[in-house]
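Only one structure is covered here, and it is reproduced in the block below.
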Amino acid sequence: MIDPMRAARLAVRLAVPCILLSLAGCATDGGPTAMTPAPLSTATNAPVGQGVNVQPGTEEDFVVNVGRRTFFKEGSAELDDTAKVTLDRQAAWLTRYPSWYVKVQGFADDGSAEKANLALSQKRAETVKTYLGSQGIAPTRVLAKGYGKDPERLIRNCSDVSCRAQNRRVVTNLQETLEM
């Protein structure tokens, strides 16, 4: 005997493509009432403008093709090899597009007191700024600011150590001018 829920899911999976094909067949000669299906991205399945056909030198280019987050081990402001690869890509991009400034924002989600988390997040931000400087990015283009364990800016609010690790980061944000 077939499970009714499984049969219903299968019917929906089969019906959706049929409906889309039938709607595509209803398109007119291209006039104002023409119904044409929206283009789909085969690479990321993302809507156009969100990672597809990204213009070089834009914020979206930086986020999608370079990466803006650098992660740290608990209680540490040291860069590991993965972090250095990300920062090398950021430095290369910033060298290619010198009109951008960056604000590197440090965060901590460690078991320390608020004051210690704030100091650690500032140290993480300064470490990223220093590394970018070692790769040729002028310190005058980079502002480093620590936010500690800011509940408004947590990626994940959880008790598991591996989950909290996502909050121990520095985010490199592009800016047109350098301001706090």
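The values are calculated or read from the model by the stated rules, or taken from the named source; none is laboratory data. Here the structure is a predicted model, which is why all the values come from computation and not from measurement. Neighbour counts run over all protein chains shown; Cβ positions are idealised from the backbone, glycine included.
A few points about this structure:
- Residues in the stretch 94-128 that are buried (at least 22 other Cβ atoms within 10 Å of the Cβ) and of a type in the set (Phe, Trp, Tyr): Phe107 alone.
- Neighbours by Cβ (under 9 Å, 6+ apart or cross-chain): first from the stretch 112-129, in contact (Cβ under 8 Å) with a residue 12 or more places away in the chain and within 11 Å of Arg169 (Cα to Cα); second surrounded by fewer than 18 Cβ atoms within 10 Å (Cβ to Cβ) and among the small types (Gly, Ala, Ser): Leu120/Gly75; Leu120/Ser76; Leu120/Ser112; Arg124/Ser76
- Ala138 meets all of the listed conditions (1) without any contact (Cβ under 8 Å) to a residue 24 or more places away in the chain; (2) touching a helix residue (DSSP H, G or I) at 6+ places or on another chain (Cβ under 7 Å) but one, namely (2).
- Only residues that are more than 16 Å from Arg124 (Cβ to Cβ) and of a type outside the set (Val, Ile, Thr) were counted across the stretch 68-92, and they come to 5.
- Take the conditions (1) modelled with pLDDT of 95 or more; (2) among the acidic types (Asp, Glu); (3) farther than 19 Å from Gln175 by Cβ; Asp109 misses just one of them, which is (1).
- If you go through the stretch 74-88 and keep only what is more than 16 Å from Lys129 (Cβ to Cβ) and touching a helix residue (DSSP H, G or I) at 6+ places or on another chain (Cβ under 8 Å), you end up with Glu74, Gly75.
- Answer from Asn45, Asn65, Asn117 - the residue that is on the phi > 0 side of the Ramachandran plot and at pLDDT below 95: Asn45
- Residues within the stretch 99-128 that are in contact with a helix residue (DSSP H, G or I) (Cβ under 8 Å, 6 or more places away or on another chain) and within 25 Å of Thr58 (Cβ to Cβ), tallied: 8
- In the stretch 154-174, the residues that are touching a Phe, Trp or Tyr at 6+ places or on another chain (Cβ under 9 Å), more than 13 Å from Leu87 (Cα to Cα) and either loosely packed, with under 14 Cβ neighbours inside 10 Å or modelled with pLDDT of 95 or more (or both): Leu174
- Within the stretch 70-93, tally of residues that are buried (at least 19 other Cβ atoms within 10 Å of the Cβ), polar (S, T, N, Q) and not in a helix (DSSP H, G or I): 1
- Any chance Asp88 is more than 15 Å from the chain's Cα centre (by Cα) and either among the polar types (S, T, N, Q) or modelled with pLDDT under 95 (or both): no
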